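Here's the structure we're looking at; comments come further down.
The values are calculated or read from the model by the stated rules, or taken from the named source; none is laboratory data. Keep in mind the model is a prediction, meaning the values are calculated, not measured. Please note that ligands, DNA and RNA were not included when accessible areas were found on the heavy atoms of the full protein model with its side chains. Shrake-Rupley method; radii C 1.70, N 1.55, O 1.52, S 1.80 Å.
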Amino acid sequence: MSVQELKKELSALSEQERAEVSAFLFHLRHAADPDYQAALQRRMDDKDPSHWLTPEEFEKRLNLD
C-alpha cells in the first residue's frame with residue numbers, strides 16, 4: 001500500500017479512529033528513542049503529587065484552541 005493510499009484510507013476514518021492512529025504513530029516515533037524513554041520513565045516514577053496534572057488540567061493542556 002502506498003503512502004497516498006494510506007492517506008486516503010486515514011481521511012475516511014472517524015475522529016476517534018484518527019486519534020488512535022495518531023497515538024500509535026507517536027508511540028512508534030518514540031519507542032526506540034532512549035532519551036525519550038528515560039524521560040518518560042522519570043515522569044512515571046515521580047511520586048510527588050504536586051507534579052501531577054488533574055484530569056481537567058490535562059484536558060486544558062491538550063486543547064490547543
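Things worth noting here:
- Computed [θ] at 222 nm, helices only, for the chain once each DSSP H run of length n ≥ 4 contributes -39500 (n - 2.57): -21000 deg cm²/dmol
- Just the protein heavy atoms count here, and of the accessible area of the chain at 1.4 Å, carbon and sulfur take up 57 percent.
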